[in-house]
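A short worksheet on the structure shown next.
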Amino acid sequence: MSDYSFVDGLRDRRRRLSDRVSFPVALWSGQGAARNFPANRYPFRASSHFLYFAGLALERAVLLILDGRSILFWDQPTVDDALWHGPEPSRTELAAQMGVEDAYPLAELASYLGDRVAEVATIAVQSPAARAHQETLLGRSLPQPAQANGPDGALVDAIVAARSTQDPMALGELRRSAAIAVAAHRAGLAATRQAPTEAAVRATIEATLIAQEACPAYNSIVTTRGEVLHNERYHHPLTPGDLLLVDAGAEVSSGWASDITRTWPVSGQFSATQRAIYEVVLAAHDAAVAAVRPGVEYRDIHHKAAWVLVEGLVDLGILRGQPAQLVDRDAHTLFFPHGVGHLLGLDVHDMEDLGDRAGYAPGRQRSERFGWCFLRLDRPLEAGMVVTIEPGFYQVPGLLQDPARRDRYGDCVDWERLAQFADVRGIRIEDDVLVTAAGPEVLTADLPTDPDQICALITGA
């Protein structure tokens with residue numbers, strides 16, 4: 001509908017939540033933390049559960065959903081706040097922006113609830129100060145969301161159901177976030193040949209995010225040590241022959257995230273061995289993306305990526321044997337030890353604060369098998385879900401030099417052949433994919449994965 005508004009979208013979300021629960025719900029936004037003294041604070045990030053239903057990143061706020069009505073509890077900024085931070089909208093104005101029926105000071109929450117406080121369900125927030133407020137007002141301790149039971153547990157399950165698929169308002173923000181992240185990666189590619197260090201490329205990427213009023217959705221990974229899966233140091237010099245693995249996403253002002261990884265040669269030209277492995281990873285990526293559609297089990301997509309990766313490594317002579325048997329033996333985990341991706345939304349690992357209640361279908365548990373135990377999502381896909389697809393190849397010394405693994409896979413790895421690929425520390429290719437009835441829609445498709453196109457963005461050719 002052309003007149004469908006932000007307020008309409010928020011009201012729809014709250015209505016859908018109310019339809020799933022029979023008890024009052026109170027969602028805390030959280031509270032910022034100081035770095036080293038009270039006035040030097042980290043940037044505030046509201047709880048995603050509050051943000052999804054309230055739409056505004058208010059600090060020290062509570063959204064109460066009660067008997068089909070929504071009420072905001074939040075303290076008006078003081079004169080001193082206005083002195084240092086400028087004027088803010090009034091509580092009444094914010095309530096109108098959110099489409100809630102009433103708004104009161106935070107101190108009035110307890111009296112408003114009265115005897116019904118014992119009925120209220122909530123989700124424990126990460127902020128210690130806000131959590132203390134939750135527990136004091138509710139008169140009970142709160143477990144981590146993954147362990148919540150009773151009404152709290154029912155609320156967790158209702159929020160998982162509400163947030164697992166994305167509504168049109170969310171998809172608009174996810175597309176905006178993806179476009180900003182694509183622009184940031186393109187800027188990083190163009191800056192690489194002149195950059196002296198990883199830090200310089202990171203600076204270019206994150207400057208692009210900031211210039212578009214976004215911020216990093218997580219600590220950017222920009223590294224020539226691609227075998228370190230979550231590298232957060234940026235001091236290595238960029239030298240010819242290096243591959244640079246860049247995993248960076250945007251978080252837009254509304255909180256929605258993107259998550260992209262590309263791997264490229266610092267010189268603008270892959271070596272023969274680097275290109276060979278890159279094309280194997282790309283084949284696994286493309287096969288996994290092509291498999292994304294409603295009803296498909298996400299673990300089967302992971303299996304598909306592993307199978308194609310193993311098939312390519314057999315063709316290169318690194319692995320020996322039949323791909324199906326090698327995957328059954330988990331031989332792929334020597335080089336691809338993590339899951340193929342995760343849900344994406346307001347959180348870059350969406351709803352991961354809820355534990356496997358969000359990522360795993362009811363009744364399912366994580367595998368104990370290495371590699372498979374890191375699969376973050378084990379559900380059948382539904383239209384409207386947004387997931388990442390991110391297979392990789394890594395030469396992790398701790399895995400490849402482990403005596404037990406070398407003994408277990410001694411018959412299927414040609415270690416001498418593998419040594420010829422020593423200039424490939426790690427390669428990952430990641431895109432954000434919307435599940436639709438017509439098949440996958442890659443939200444990050446404007447950033448190429450083709451190796452020649454990647455190199456052209458580095459060299460300007």
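The values are calculated or read from the model by the stated rules, or taken from the named source; none is laboratory data. Predicted model, so just to flag it, every value in this text is computed and none were measured. No Cβ is skipped: glycine too gets one built from the backbone with ideal geometry, and neighbour counts run over all protein chains shown. Just so you know, the surface numbers come from the protein's heavy atoms only, side chains and all, with ligands and any DNA or RNA stripped out. Shrake-Rupley method; radii C 1.70, N 1.55, O 1.52, S 1.80 Å.
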TODO: On the protein heavy atoms, probe 1.4 angstrom, tell me the percent of accessible surface of segment 252-372 carried by carbon and sulfur.
DONE: 50
- [ ] Search the structure for amide H atoms under 5 Å from the amide H of residue 61, placed 1.01 Å from N in the peptide plane, and list their residues when 5 or more places away or on another chain.
- [x] 29, 30
Task: Separation of alpha-carbon centers, segment 135-199 and segment 433-454, rounded to whole Å - done: 20
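Only Lys, Arg, Asp and Glu count, each charged at its Cβ (+1, +1, -1, -1), so figure out the dipole size of the chain about its Cα centre, rounded to 20 debye. Let's see the in-between values first.
Numbers: 42 positive and 60 negative charges, 114 e Å.
So the dipole magnitude of the chain works out to roughly 540 debye.
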- [ ] Using 0.36 nm per residue of separation minus the Cα-Cα distance, give me the extension gain between residue 118 and residue 40 in nm, one decimal.
- [x] 24.4 nm
Task: Cα centroid separation, segment 248-307 to segment 317-338 (Å) - done: 18
Open item on the list: Given points 7 Å out from each Cα along the Cα-Cβ axis, report the residue 81 to residue 450 separation in nanometres with one decimal.
Closed with: 5.3
Open item on the list: For a Förster distance of 25 Å, can you work out the FRET efficiency between the beta-carbons of residue 300 and residue 279, rounded to the nearest 0.05?
Closed with: 0.60
Open item on the list: Given the -39500 (n - 2.57) contribution per DSSP H run of 4+ residues, what per-residue ellipticity at 222 nm results for the chain, rounded to the nearest 500 deg cm²/dmol?
Closed with: -11500 deg cm²/dmol
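For the chain, what is the accessible area per residue in Å², given a 1.4 Å probe and the full set of protein chains? It would help to have the intermediate numbers written out before the result.
On the way: 19640 Å² over 461 residues.
On a per-residue basis, 43 Å².
Starting from the Cα coordinates of segment 21-69, work out the convex hull volume and express it per residue in Å³.
Here the figure is 76 Å³ per residue.
Based on the Cβ-Cβ distance from residue 269 to residue 144, what FRET efficiency comes out when R0 is 41 Å, to the nearest 0.05? Working shown, then result.
On the way: r = 49 Å, r/R0 = 1.19.
Once rounded, the FRET efficiency stands at 0.25.
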Open item on the list: Need one value: the accessible area of residue 157 in square angstrom, 1.4 angstrom probe, rounded to the nearest 10.
Closed with: 80
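Name the shape class, rounded, prolate or oblate, that the alpha-carbon gyration tensor gives for segment 1-83, where a ≥ b ≥ c are the square roots of its eigenvalues, rounded holds for a/c under 1.5, and otherwise prolate holds if a/b is larger than b/c and oblate otherwise. Don't jump to the answer; show the numbers that get you there.
Numbers: a/c = 2.32, a/b = 1.90, b/c = 1.22.
The shape class here is prolate.
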Task: Modelled label reach - residue 239, point 7 Å along Cα→Cβ, segment 416-430 residues with backbone N closer than 18 Å - done: 421-426
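Grab the other residues whose beta carbon is less than 12 angstrom from that of residue 74, score K and R as +1, D and E as -1, and report the net. Display every interim value, and only then the final one.
Working: positive: 60, 91; negative: 59, 75, 88, 93, 102, 108.
Cβ neighbours under 12 Å give a net charge of -4.
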- [ ] Tabulate in residue order the Karplus-calculated ³J(HN,Hα) for segment 117-128, using 6.51 cos²θ - 1.76 cosθ + 1.60 with θ = phi - 60°, rounded to whole Hz; enter x for Gly and Pro.
- [x] 4, 5, 8, 6, 9, 8, 10, 4, 8, 7, 4, x
- [ ] On each of the three principal axes of the Cα atoms of segment 159-226, give max minus min coordinate, whole Å, ordered largest first.
- [x] 46, 24, 15
Task: Cα→Cβ-extended label distance, 7 Å offset, between residue 69 and residue 373, nm - done: 5.1
Open item on the list: Can you list residues from other chains, or at least 5 along the same chain, whose modelled amide H is less than 5 Å from the amide H of residue 260?
Closed with: 248, 249
Task: Karplus 3J(HN,Hα) series, Hz, for segment 173-185 with 6.51 cos²θ - 1.76 cosθ + 1.60 (x for Gly, Pro) - done: 6, 5, 5, 5, 4, 4, 5, 5, 5, 4, 4, 5, 5
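Once you list every other residue whose beta carbon is under 13 Å from the beta carbon of residue 437, what net charge do they have if Lys and Arg are +1 and Asp and Glu are -1? If you can, show how the numbers build up before the last one.
Values: positive: 293; negative: 382, 441.
That sum, taken over residues with Cβ under 13 Å, equals -1.
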Open item on the list: Give me the one-decimal nm value for the distance between modelled label points at residue 416 and residue 22, 7 Å along each residue's Cα-to-Cβ direction.
Closed with: 7.2
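So between residue 15 and residue 107, what do we pick up on full extension, going 0.36 nm a residue minus the alpha carbon distance? All intermediate terms of the calculation are to be shown ahead of the outcome.
Numbers: separation 92, 0.36 × 92 = 33.12 nm, distance 2.58 nm.
Extending this stretch completely gives an extra 30.5 nm.
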- [ ] Would you work out the relative contact order for segment 230-330, in percent, from Cα pairs under 8 angstrom that are 6 or more residues apart?
- [x] 18
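May I ask for the Rg/Rh ratio of the chain, computed from Cα atoms with Rh as the Kirkwood radius, given to two decimals? Walk me through the numbers on the way to the answer.
Values: Rg = 23.9 Å, Rh = 23.8 Å.
Ratio value, two decimals: 1.01.
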- [ ] Name the shape class, rounded, prolate or oblate, that the alpha-carbon gyration tensor gives for segment 254-325, where a ≥ b ≥ c are the square roots of its eigenvalues, rounded holds for a/c under 1.5, and otherwise prolate holds if a/b is larger than b/c and oblate otherwise.
- [x] oblate
- [ ] Starting at the first residue of segment 83-97, write each ³J(HN,Hα) from the Karplus equation 6.51 cos²θ - 1.76 cosθ + 1.60 with θ = phi - 60°, in whole Hz, x for Gly and Pro.
- [x] 4, 8, 10, x, x, 10, x, 6, 4, 5, 5, 5, 4, 5, 4
Open item on the list: Just to verify a number: FRET efficiency for residue 228 and residue 97, C-beta to C-beta distance, R0 = 60 Å, to 0.05?
Closed with: 0.90
Task: Cα long-axis angle, helix 150-163 against the chain (0 to 90 degrees, to the nearest 10) - done: 60
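Among 346-352, 35-41, how do they line up from the highest to the lowest mean number of other beta-carbon atoms within 10 Å? Display every interim value, and only then the final one.
On the way: 346-352: 22.1, 35-41: 8.4.
Taking the mean over residues of other Cβ atoms within 10 Å, the ranking is 346-352, 35-41.
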Open item on the list: Classify segment 19-178 from the C-alpha gyration tensor, please: rounded if a/c falls under 1.5, else prolate or oblate depending on whether a/b exceeds b/c.
Closed with: rounded
